[in-house]
Structure formats: C-alpha cells, structure tokens
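Chemist: Structure provided below as structure tokens; questions to follow.
The values are calculated or read from the model by the stated rules, or taken from the named source; none is laboratory data. In this text the structure is predicted, and so the values were computed from the model without any measurement. Please note: Cβ atoms are built from the backbone with ideal geometry, for glycine as well, and neighbour counts cover all protein chains shown. Quick note on the areas: whole protein, heavy atoms, side chains included, nothing else; ligands and nucleic acids left out. Shrake-Rupley method; radii C 1.70, N 1.55, O 1.52, S 1.80 Å.
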Amino acid sequence: MAEILRLTDIAKTYVLGEQQVPALRGVSFAVQAGEYVAIMGASGSGKSTCMHIMGCLDRPTAGSYVLDGRRVDGLTRDELARVRNRRIGFVFQGFNLLARTSALENVELPLIYSRLPRARRRERALAALDRVGLADRAGHTSTQLSGGQQQRVAIARALVNEPAMVLADEPTGNLDTATSREIMDIFASLNAAGATVVMVTHEPDIAACAARRLLFRDGLLVADSAAGQEPRE
Amino acid sequence: MDLLLPASIALRALRVNTARSFLTMLGIIIGIAAVIVMVAVGTGASRRIADQIASMGSNLLIALPGSTTSGGIRGGFGSLPTLTYGDVEAVRTECPAVILAAPEQRGTAQAIAGNVNWSTVVYGATTDMFSIREWSLASGRFLTQAESEGLGKVCVLGQTVAQELFGGLDPVGQSLRLNSIPFTVVGLLAPKGRNAMGHDQDDVIFAPIRTAQTKLFGNPMPDRVGVILIQARSQGLMDEAQRQVEALLDQRHRIGPAKERDYSLRNLTEIMSAAQESSRTMALLLGAVASVSLVVGGIGIMNIMLVSVTERTREIGIRISVGATQQDIMLQFLAEAVLLTLAGGVLGIGLGAAGAVVLNTLLGWHSVVSGSAIALAVAFSSAVGVFFGFYPARKAANLDPIEALRRE
C-alpha cells in the first residue's frame, strides 16, 4: 500500500504576545492510500491544528510532513496553494460555499485556479456533482439547497480535482442525524471506491464509521486504533 | 500572466452583487461626467472665441480716425475723419508687411424691398474688404474692383437682411431701395453669426464706398474714409506691420512732438487672443475642479473595496483553501476595482456627452465633447481603479486562510 502522508514529530506553537502556546507537541503518524481515518479529541487537543497542517493551510513550527512522496513543510505560500489545489480536497463544517453562486460554479472553483479550460471545467464539475447525486441541482444557488445538499456540493468540490486525499473538518457538525448519516454514507462509498479520507470529529458514533481512529489530547497523539489502542475519552 | 482569468472571476463577483457594484460606480460616473462636461464647456467657449477671431478677419489691424483738438476742446476718437483714400493707398503700397488695405465707411439706412422695410447698417466698402474680413458667398458675387471705385448702385446683403427683406428667396438680381435710391443686389453672403459682443454680423449691407458716401451718407468730405482695414502678411508680421503703418501715417499726417496723433491703430486679434487665453485657463480650472470629484469617486471605490474585503473575508478564505494563490486574489480584487472604474468611466462618458448636448440645446451653450477629454477620462478612471484598488487587493491577498475561514 502506498503511503499518502507521513507526519514526523510535527509541532506547532502559536505566539500570542509574549506567551508561547503549544498546540501540537510532536505528533507522528502515517496514512496509507485508501485508508479512512477519523481524528478525535476534545476541543483544544490540537486536532484542528493538525488538520490545518495536513491541509497545507498552515505550516508546522517543527517536524517534517511528506505528502504523496514530497516534503511540503517548507514550501512557500504559493507552492502550498498549488498543493491544496491539486492534492487535497477540503470539506468544512460550515460548508463554505460561495454565496449567490450556483452549485456548478462552486464545484468549478478549484478547477478555475488549476487554469483548466472552461469546457473541461464544466464537464468535470458535472461529473463530480453526479458522484454526490446532485447533477440535477447544478444550477441551484446555496440558499436554494438544504444543509445536506450544500455539504454534498462541498464534497463534490473537494473531489473535483481528483486529490490524493479528502480532508473533512467536522463535516456533520451542522447537520441533523438523518442528514449526517447521508453524508457519512457518501464518505463511505467514496472510500470504498478508493479515496483516502481523513476526518476530524468529536462524535464517537461518526468516528465509528472510520476504519481507523486516532485520539489527540493536549497536543499529542495518545491512541491509534491501528496500533491496537482503541481511543477512549 | 493570464489576465483574462482574474477579469472573468472579478466580473462574476461583481455580477453577484449588482446593486453594490452600481452604487460603487456612481462616484466615478459622476466624476467622469463632470470632467467631460466641464472640458466640453471650456473647449466650446475657447473654440467659439477662435471662430469669432476668424470671423473678424485674421491678422487684422484697424486704423481709426483719431481725436482732434480745436480751441482746447478735445474730441473723442472718430470725432473728425482724418484718414484719406491716399492713406489707404500709401499703406497698401509702401508697407512691406501689409498685404491688403481697404477703406470702410459705416452708416445706417432704411432698406425697402417691395412692401417690406428694414433699418440696417450699411458699409461702404471695396472688394478687398471681403477678403480681409473673410466673408464667403452664399450666392451671387462680391463687389468687383470697378464697382468698388465707381459709383455703381449695387450691393451685397448679409443673411439677416436678406431674410428680413426677401424671406427665403434668393435676393441676387432683385432690387431694393436704400434711403429711396434703387440698388441691385449682386451677392448674398454666407452667415457669420454673432460677434464677441453679441452683435449680429449678418445684419448688414455692403455697397461701393464712394456710392455710399455720396448717395447715402451725404459725406461733406468725400476724400476721407471711416476706418482703414489693414491685413498683415502673417501672424508673425503683425508687430512689424503695426510699426510700419504707424511710421507711414505719422509721416503723412505730420505727427511730431508738437502734434498729437490724429488716428489710432488697433490690433483686435490681440484682444481676442487674450480673451481666448483666459477662456482656456477657465477650461483648465473647470477640468481641475472636476478632477477633484474623480479623486473623491476613487476614494469611494477604495472604501467600498475595503468594506468588500472585510465582508467577503470568508469568500477569500474559501478561494485560498481551494488553491488560489496570493496573486490570484490580488488580481481578482484589482480587476474588480478596474472593471468598476472602467464601466463607471464608460457610463460617465455617456452621461457627460448627454449633459453637453442638453446644455447646448437648453441653454444654447457651445460645448464640444473632445476625443482627448474622453481619452483622458478613460485613462484617469482606470488609473484611479488601479491606484485605489491596490490597497484593498493587497489586504485581501495577505489574509490568513484559517483566520479568513473562521470569520462569519
């Protein structure tokens, strides 16, 4: 199995005025291609910071990060932008779709920044919408879609550039139980089709959908189900 | 660098919020329209003065009979006709800087054609006068050389007189009576309009000067002329011509330390040029004032763009998270600002041009929308866009994606 990402001794310290606040204090783990990983932890455990670093939205203070065989911890802002564009698909808790913009145009957004020609863009965005079962809603704007549908558009946007992995940050946090199940089903089927999914959540029943579970506490990785340590809060 | 992409992203972003985009543009629209109208009014005014200078005759000096003193009482200019036909001839032949000199005698007469009558100004003139004053013909011909020197009863009409006496008909070949003396109309002049003082230059009849003096005005001194029109060979020779004519007339009139000049020489072009210069300054001033409104409009755009960056922090965060580079974001916001100002510029040009037309038709102003004013407005408005768009664009491009996404 190919290794998608490897974090080695990743640390992140925020400087607030005179004070240094450590958010991550040396985290190491690897994710293989095709894995479905849930990262759990209380708020302040460092799971979100770890997610941002994995998503190349933030840079670690120390440690090395290899994504898809390439070190990315020392890249410039624009190089990171390119990595986010080509290698990573993001799904957020708050959907983060552009307002007053159609589902299709939202899904096209990453492709615009990949400089893909218009016709190819449309074609691939429609295919991605089709994968989440929203091909018939392509022209609807966010306000015309339900929460679950908006999150599906966001998933289509994450998938459209065929990234190495999909990172989901509390993807069901704003949704009711039934809709959450729908979204989790989509992630499960994506994973079954070969996609690597890494998800941050604090809900144990959502985490239970994932094949592997990691637990963060106080900036450290304290349990990894792959190593036989079942996380317990 | 691919500029089409940021432009299309910007266009999409502007379309999403049409009302705000339009309100933002309003400042620039009004600014550009103000510049266009002000420059048009200024240009129109100075062009009008230039036309009036041309209608008076170019490179023109006028010799007026001067004041005379008799028994200690000084008369004003023109109190005694001191200029003679001999002076005219001498000026023409003996001053190298002078190309033409023509006598002119002004008077008034009652013109009658059929059952219509009209009181008007009659100029006793010669054929050269038409050339010096730059008249052109609408029909017929000017006075000939022979008619100018003889006592023929022929005349040339201005448009206003022809209109009053003959209606829309061509007066050439018709006859009319001036102070009861029958004259034949041989020519009709093309219209010149009003002069700088608002005087209708077309309300005029030209007759041979000797005929006018003897038959119409009853001049007691038939060898004298009213004024002498003198045309210099070129603009550059105006001063030279003035010196030569003064020297010649001083000599002919025996002007010396003991005798006051009995004529005066006026350079009307100079006066008009000064008027034109002041109207040009006025136009510049108007343009400058209007430019201030453009700058204010630009600051308005900057404000809205700054508000827009704050308001759209989340959107920027989303764009960054899916892979927009700093340059992508920067160019998008710059393109938005430039598109807003350019669109505002185009609408402003339309509004300004319409405003100029309204001024022309409602107030009878002669404003002229010039291509250079339009080019200036467009250049200025896109410069305003780049200049005032830069700061908000940079602010947007430097946003931290995590912070930006967290913002509601």
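Chemist: Rounded to whole Å, give me the distance from the Cα center of the stretch B:358-386 to that of the stretch B:116-168.
Modeler: 41
Chemist: Going out from 0 in 5 Å bins, what whole percent of all Cα-Cα distances in the stretch B:177-302 drops into each bin?
Modeler: 2, 7, 9, 10, 13, 14, 12, 9, 6, 5, 4, 3, 3, 2, 1, 0
Chemist: Something else about it: What percentages make up the Cα-Cα pair-distance distribution of the stretch B:259-408 when the bins are 5 Å wide from 0?
Modeler: 2, 8, 13, 14, 12, 10, 8, 7, 6, 5, 4, 3, 2, 2, 1, 1, 1, 1, 0, 0
Chemist: Across all directions of projection, what mean area in square nanometres is found for the Cα convex hull of the stretch B:343-408?
Modeler: Reported value for the Cα convex hull: 6.7 nm².
Chemist: Check every DSSP H run in chain B and write down those whose alpha carbon atoms cover 20 angstrom or more along the long axis and whose mean Kyte-Doolittle hydropathy is 0.5 or greater.
Modeler: For chain B, where a helix must reach 20 Å along its axis and average at least 0.5, the hits are B:18-56, B:268-311, B:326-358, B:371-397.
Chemist: Restricting attention to the alpha-carbon atoms of the stretch B:137-179, what are Rg (one decimal) and Dmax (integer), both in Å?
Modeler: For the stretch B:137-179, the Cα radius of gyration and maximum Cα-Cα distance read 11.1, 31 Å.
Chemist: Mind pulling the per residue volume of the convex hull built on the Cα atoms of the stretch B:100-231? Å³ is fine.
Modeler: 100
Chemist: Okay, next question. I need two numbers for the stretch A:3-227: Rg to one decimal and Dmax as a whole number, Cα atoms only, in Å.
Modeler: 17.3, 54
Chemist: Could you tally the net charge around A:Arg212, taking each other residue with its Cβ under 12 Å from the Cβ of A:Arg212, Lys/Arg +1 and Asp/Glu -1?
Modeler: Spelling it out: positives minus negatives among the neighbours equals -2.
Chemist: Under the rule a/c < 1.5 gives rounded, and otherwise a/b versus b/c splits prolate from oblate, where does the stretch A:139-218 land using the Cα gyration tensor?
Modeler: oblate
Chemist: Compute the distance from the alpha-carbon center of the stretch A:182-209 to that of the stretch A:63-86, in whole Å.
Modeler: What the calculation gives is 24 Å, centre to centre.
Chemist: Here is a follow-up. Cross-link partners among aspartates and glutamates for A:Lys12, C-alpha distance below 14 Å, same-chain residues fewer than 8 apart left out?
Modeler: Once the sequence-local aspartates and glutamates are set aside, what remains near A:Lys12 is A:Asp58, A:Asp73, A:Asp218.
Chemist: Amide H to amide H, which residues 5 or more places from B:Gly140 or on other chains are under 5 Å from it, using H placed in the peptide plane?
Modeler: Under 5 Å from the amide H of B:Gly140 lie the amide H atoms of B:Leu188, each far enough along the sequence or on another chain.
Chemist: With charges set only on the Cβ (+1 for Lys and Arg, -1 for Asp and Glu), what does the dipole of the stretch B:100-231 come to about its Cα centre, in debye to the nearest 20?
Modeler: 200
Chemist: Which number do you get for Rg(Cα) / (2.2 N^0.38 Å) in the stretch B:257-344?
Modeler: Compactness ratio reported: 2.36.
Chemist: Treating only the Cβ of Lys, Arg, Asp and Glu as charged (+1, +1, -1, -1), what charge dipole size does the stretch A:48-139 show about its Cα centre? Round to the nearest 20 debye.
Modeler: 280
Chemist: Using θ = phi - 60° and the Karplus curve 6.51 cos²θ - 1.76 cosθ + 1.60, what whole-Hz ³J(HN,Hα) does each residue of the stretch B:127-136 get, with Gly and Pro shown as x?
Modeler: 5, 5, 4, 4, 6, 5, 7, 6, 7, 10
Chemist: So who's got an amide H within less than 5 Å of the one on A:Asp73, skipping anything under 5 residues away but keeping other chains? H placed 1.01 Å off N, in plane.
Modeler: A:Tyr65
Chemist: Right, here's the next one. Of the DSSP beta bridges with both residues in the stretch A:3-227, give the percent that are antiparallel, rounding to the nearest 5.
Modeler: Bridges in the stretch A:3-227 are about 60 percent antiparallel.
Chemist: Compute the accessible area per residue over the stretch A:3-227, keeping the other protein chains in place, probe 1.4 Å, unit Å².
Modeler: Accessible area per residue: 41 Å².
Chemist: Further question: List, in order, the whole-Hz ³J(HN,Hα) value for each residue of the stretch A:100-111 obtained from phi through the Karplus relation with A = 6.51, B = -1.76, C = 1.60 and θ = phi - 60°; use x for Gly and Pro.
Modeler: Per-residue couplings from phi come out as 6, 10, 5, 4, 4, 5, 5, 5, 5, 3, x, 5 Hz.
Chemist: With equal scatterers on the alpha carbons only and no solvent term, can you work out the Debye log10 of I(q)/I(0) for chain B at 0.07, 0.08 1/Å?
Modeler: These q points yield log10 I(q)/I(0) values of -0.55, -0.63.
Chemist: Any idea what the alpha-carbon Rg over 2.2 N^0.38 Å comes to for the stretch B:246-285?
Modeler: After normalising by residue count via 2.2 N^0.38 Å, the value is 1.92.
Chemist: Here's a follow-up. Just the number, please: carbon plus sulfur as a percent of the accessible area of chain B, 1.4 Å probe, no ligands or DNA/RNA counted.
Modeler: The computed percentage sits at 62.
Chemist: Something else about it: Under 30 Å Cα-Cα from B:Lys192, which lysines qualify once same-chain neighbours fewer than 8 residues away are excluded?
Modeler: B:Lys192 reaches B:Lys153, B:Lys215.
Chemist: Compute the Kirkwood hydrodynamic radius of the protein assembly as shown, taking the inverse of the mean of 1/r over all pairs of distinct Cα atoms, and give it in Å to one decimal.
Modeler: 32.3
Chemist: I would also like to ask the following. Using only Cα atoms and rounding to the nearest 10 degrees, what angle (0 to 90) does helix A:118-131 make with the longest principal axis of chain A?
Modeler: Taking Cα atoms only, the helix is inclined about 70 degrees.
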